[in-house]
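The values are calculated or read from the model by the stated rules, or taken from the named source; none is laboratory data. Predicted, not measured: the structure shown is a model, and the values here were computed from it. Using ideal geometry, Cβ is built from the backbone for each residue, glycine included, and neighbour counts are taken over all protein chains shown.
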Amino acid sequence: MSRAWWVFLLYGLFAIAFALFALFRPDATVWMMIMAFGLLALADGVVSLLSVFRKQIALPNGLLLLYAAASIGFGLLALLQPQTVATALVWLLATWLVVAGIARIVFAVQMRRLIHGNWLLALSGILALLLGLLFIARPNLGIATLTVWLGIGALVYGVLQVALALYMRQRAQQVQQVQP
């Protein structure tokens, strides 16, 4: 514990730095994430393609080739057309929100006699539906919103990591003071 606290501190500080970047530069953050996913997918596809020639893989060669082609294809698309990938992700999210919103509203109406307070379920459905429709109408707003939520999550994670590191450091110092 006395030697590892600084690792958590570094994780936390990097997470906080990423969070601040994501919150203040959402457009650049989206571009960086898509590039990173593109590079990872491309590398995964190349490794999978090379694995076809190794006999140590449990997957059938046909499935491995399909996976390699899909990974390489997505990687190249993300690297060469990042805006297309970002827009597609927002459209998928928007579609899911619309479907989820409608499903919640229908479920709330069907359950109105059985569940007291089902208006909360209907309200959550209405909010999901409206958010989905907003993302369909303004996809760039959807991308920025996703990035802001990612930034908030990274900020909370980073602060918790820093707090953990400081706690670990304090505990390690207390243990050292007790030992002769």
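Things worth noting here:
- Which listed residue, of W6, W31, is over 21 Å from the mean Cα position of the chain (by Cα), in a helix (DSSP H, G or I) and modelled with pLDDT of 85 or more: W6
- Residue check for G158: crowded, with 17+ Cβ neighbours inside 10 Å, farther than 24 Å from F21 by Cβ and among the small types (G, A, S): no
- The residue that is surrounded by the fewest Cβ atoms within 10 Å (Cβ to Cβ), among those in segment 93-132 that are charged (D, E, K, R) and without any contact (Cβ under 8 Å) to a residue 12 or more places away in the chain, is R113.
- Residue, modelled with the lowest pLDDT, within segment 34-69, restricted to residues that are assigned to a loop (DSSP other than H, G, I, E, B) and surrounded by 13 or more Cβ atoms within 10 Å (Cβ to Cβ): I57
- Within segment 103-122, the set of residues being within 27 Å of the chain's Cα centre (by Cα) and over 25 Å from W91 (Cβ atoms) comprises L120, L121, A122.
- Considering the conditions (1) surrounded by fewer than 13 Cβ atoms within 10 Å (Cβ to Cβ); (2) modelled with pLDDT of 90 or more, I72 is excluded by exactly one of them, (1).
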